[in-house]
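Just so it is clear, none of the values below were taken in a lab; they were calculated from the coordinates. Since the model is a prediction, treat every value here as computed from it, not as a measurement. Here the Cβ is made from the backbone with ideal geometry for all residues, glycine too, and neighbour counts use every protein chain on show.
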Amino acid sequence: MDLSAIDPTLLLASLIVASTPILLAALGELVVERAGVLNLGVEGMMITGAICGFAIAVNTGSPVIGFVAAAFGGAILSLLFALLTQFALANQVASGLALTLFGLGLSALLGQGYQGIKPPPTRSLDIPVLSDIPVLGPILFSHDLMVYLALALVAAVWAMLKYTRAGLILRAVGENHDAAHALGYKVVRVRLLAILFGGACAGLGGAYLSLVRVPQWTEGMTAGSGWIALALVVFASWKAGRVLLGAWLFGGISVLQLNLQPTGIPIPVEYLSMSPYLITILVLVIMSGDKSRAPGSLGRTFHASQ
Amino acid sequence: MTLTRILSAAALTLGLALPALAQDKTKVGFIYVGPIGDGGWTYEHDQGRLAVEEHFGDQVETVFQESVPEGNDAERAIMQMARRGADLIFTTSFGYMDSTINVAREFPDVKFEHATGYKTADNVSVYSARFYEGRAIQGHIAGKMTESNIIGYIASYPIPEVIRGINAAYIHAKKVNPDVEFKVIWAYTWFDPPKEADAATALIDQGADVILQHTDSTAPQAAAEKAGGVITFGQASDMAEYKPTPRVSSIIDNWAPYYIARTQAVIDGTWESTETWDGIAPGMVEIGEITDAVPADVKEEALAMKEAIASGDYHPFTGPLNRQDGSAWLAEGEVADDGTLLGMDFFVEGLTAEIPQ
């Protein structure tokens with residue numbers, strides 16, 4: 001066993017890179033679910049964002065424009081889900097699953113001809129002075145803009161839900177849409193906005209995969225990240241802070257176990273391989289021992305006449 | 001049961017007796033473990049499918065299903081294909097082995113071909129390529145070119161196929177560079193680009209300057225390119241997009257001739273259950289262009305080894321070789337038999353990694 005081969009600074013830096021895609025996607029889904037909508041199409045929106053962001057970044061040479069396009073791509077796809085579930089009153093579970101299948105197919109189509117192309121590099125900010133601090137600098141202050149944006153988004157979502165009027169309305173809609181409707185809030189409009197936000201976040205997460213983490217386009221490259229983000233929202237009891245913790249745990253342990261394998265650590269590889277799932281679920285389930293529960297109207301169809 | 005059997009026998013005789021009347025297209029199905037755009041393993045199988053379509057034209061119809069998970073889902077997918085009238089089904093991943101056998105039992109008139117497995121039946125053939133021949137060449141180039149003397153290997157599952165590849169690469173890297181060390185990561189997936197990229201990055205962070213992969217996507221190539229100063233090899237497909245570096249050579253699986261021959265056999269009614277294991281010589285394994293990033297003398301040696309393997313003068317598993325625990329495996333000049341290779345569940349001496357049990 002030779003643990004000295006692992007450089008903790010590099011490890012922590014790649015932990016943050018590995019957790020950003022699921023963090024973004026899970027954060028978007030958190031807002032959607034807090035508004036009472038269950039969108040199982042995260043995987044589809046992520047991969048659509050991955051190809052939209054990739055294609056636009058390659059054609060414009062600007063990863064920033066790519067990320068913006070990815071957010072739009074994800075949001076447009078989620079609009080389809082919103083139309084089906086909010087206006088046509090279709091079943092949310094079925095529509096979400098369909099959205100995933102549709103997104104996977106659509107992205108494969110859009111991605112024709114983008115295989116093997118190298119995207120323009122997303123530069124890390126390398127914040128002056130701060131990034132020169134030994135150890136802390138490379139871990140905390142040498143990432144690209146998206147990492148900080150994701151963290152800022154966690155704080156913003158948390159504060160919005162907890163302290164603002166908009167957050168209160170969103171939660172009211174999610175907890176009891178009939179009561180919210182009776183109070184005069186536009187349930188469908190709130191949900192529509194939440195779904196679009198969720199789509200945009202998933203798109204950003206997907207683009208982070210194709211522009212930074214891998215960086216390339218491959219069909220089906222999200223390989224289940226969207227489902228992990230979905231599970232994370234539930235295990236995090238619909239709380240923004242815990243989503244961040246869960247994403248870091250999952251991303252961190254995933255990277256850590258890959259790093260531990262070649263050191264010959266005396267833990268069977270099978271256990272290492274399942275550890276990200278086990279530990280993340282275990283920690284979050286223990287934490288959800290308090291009275292957190294799902295939003296009251298989650299997954300239920302709303303129509304003003306009822 | 002007896003009635004259906006008599007009827008199907010009658011139908012079969014009729015079909016054999018009146019081939020001219022059998023205007024039905026032969027339907028050939030393919031089950032893939034990844035998407036056809038993975039740029040590696042599944043991509044090459046799909047190229048084989050397209051070659052079948054091109055070769056037979058209207059005579060044959062092909063169908064495929066991609067991203068079929070190994071396990072119970074596979075059984076359903078294969079069965080569905082058989083129900084929809086496929087005459088010949090290629091199941092193209094190791095993990096489809098039991099599913100293929102199970103479905104084959106229920107559809108005795110459908111022919112099945114399982115890639116990289118070892119279980120056969122009256123209507124199930126197995127086929128694979130001797131990828132280890134290509135791995136030996138990669139090991140030689142890797143051993144010559146590494147400067148850190150650390151070679152990273154992204155393994156998928158601990159199955160004989162993968163273990164054989166690691167052994168073949170290690171033996172030939174060690175031969176030209178006694179200081180070489182292999183670091184192995186078991187990814188437990190065939191296709192998961194983010195994970196494959198993370199695995200490559202982990203190995204590079206730990207000092208590897210050569211990455212060998214036994215997973216299907218080009219993600220490790222992208223990760224190596226991003227890191228810089230690292231060389232890789234195309235896996236299953238040429239992965240030519242990453243030429244001239246990081247990808248300096250590749251193993252290309254060429255399934256087309258086999259798929260065409262087997263489809264022809266079904267059309268002719270001469271199909272029999274067989275076990276095929278072809279290598280460089282018949283062209284099932286091809287070595288992709290060795291780029292100029294490789295020094296000329298190393299390239300020459302690699303090509304010479306390829307010739308020697310193709311002509312049968314050299315076998316990548318030639319003694320003296322010991323097992324990892326130090327016990328003797330092959331004596332001086334002795335060549336490994338196919339049985340041992342097909343069931344290989346041990347590392348050779350010198351490898352420090354362990355095989356998950």
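Taking every C-alpha pair closer than 8 Å and separated by at least 6 residues, the mean separation divided by the residue count of chain A gives a relative contact order of 37 percent. Placing dummy labels 7 Å off each Cα toward the beta-carbon, the span from B:Asp122 to B:Asp313 is 4.7 nm. Diagonalising the gyration tensor over the Cα atoms of the protein assembly as shown and scaling each eigenvalue by 5 before taking the square root yields semi-axes of 44, 34, 21 Å, largest first.
Which residues does a label at B:Leu303 reach in the stretch B:138-169, if reach means a backbone N under 19 Å from a point 7 Å past the Cα toward the Cβ? Inside the label zone: B:138-142, B:144-145.
Take every pair of alpha-carbon atoms less than 8 Å apart whose residues are at least six positions apart; their mean separation over the length of the stretch B:267-357 yields a relative contact order of 18 percent. Sequence-ordered 3J(HN,Hα) estimates for the stretch B:78-91 from the Karplus curve with 6.51, -1.76 and 1.60 and θ = phi - 60° stand at 5, 5, 4, 5, 5, 4, 7, x, 5, 8, 9, 10, 9, 10 Hz, glycine and proline given as x. Report the antiparallel proportion of the DSSP beta bridges in the protein assembly as shown as a percent, rounded to a multiple of 5. Among the beta bridges of the protein assembly as shown, antiparallel pairing accounts for roughly 20 percent.
For the stretch A:225-306, the set of trypsin sites (Lys or Arg not before Pro) satisfying both a DSSP loop assignment and a count of at most 16 other C-beta atoms within 10 Å is given as A:Lys291, A:Arg293, A:Arg300. With contacts taken as Cα pairs under 8 Å at a separation of at least 6 residues, chain B carries a relative contact order of 17 percent.
Kindly list the residues of the stretch A:248-292 that lie in the label zone of A:Ser4, defined by a backbone N under 13 Å from the point 7 Å along the Cα-to-C-beta vector. What the label zone holds, given the 13 Å backbone N cut-off, is no residue at all. Between the alpha-carbon centres of the stretch B:120-172 and the stretch A:249-306 there is a gap of 34 Å.
Taken about its Cα centre, chain B carries a charge dipole of about 560 debye when Lys and Arg each add +1 at the Cβ and Asp and Glu each add -1 at the Cβ.
Near B:Arg76, once Lys and Arg are set to +1 and Asp and Glu to -1 for all other residues with Cβ below 14 Å from its Cβ, the sum equals -3. Report the trypsin sites (Lys or Arg not before Pro) located in the stretch B:67-108 that are in a DSSP loop and have at most 11 other Cβ atoms inside 10 Å of their Cβ, or state none. Those that pass, being in a loop and sparsely packed, are B:Arg84. Near A:Gly198, once Lys and Arg are set to +1 and Asp and Glu to -1 for all other residues with Cβ below 11 Å from its Cβ, the sum equals 0. Amide H contacts of A:Asp144: A:Leu125, each under 5 Å away and 5 or more positions distant or on a separate chain (H built 1.01 Å from N in the peptide plane; Pro and chain starts excluded). In loop segments of the stretch B:135-229 as defined by DSSP, the GluC sites (Glu not before Pro) with at most 14 further C-beta atoms inside 10 Å of their C-beta are B:Glu147. Remark on the stretch A:175-304: Rg and Dmax equal 18.7, 63 Å (Cα only). Charged side chains reduced to their Cβ positions (Lys and Arg at +1, Asp and Glu at -1) give the protein assembly as shown a dipole of some 3400 debye around its Cα centre.
Cross-link check: pairs A:Lys162/A:Lys239; A:Lys118/B:Lys144; B:Lys144/B:Lys226; B:Lys183/B:Lys306; B:Lys144/B:Lys174 evaluated at a Cα-Cα cut-off of 20 Å; pairs beyond the cut-off: A:Lys118/B:Lys144; B:Lys144/B:Lys226; B:Lys183/B:Lys306. Per-residue Karplus couplings for the stretch B:319-333, computed as 6.51 cos²θ - 1.76 cosθ + 1.60 with θ equal to phi - 60°, are listed in order as x, x, 9, 10, 6, 4, 6, x, 6, 6, 10, 10, 6, 3, x Hz, Gly and Pro entered as x. Near the amide H of B:Ile287, within less than 5 Å, lie the amide hydrogens of B:Ile252, all on another chain or at least 5 residues away, with H placed in the peptide plane.
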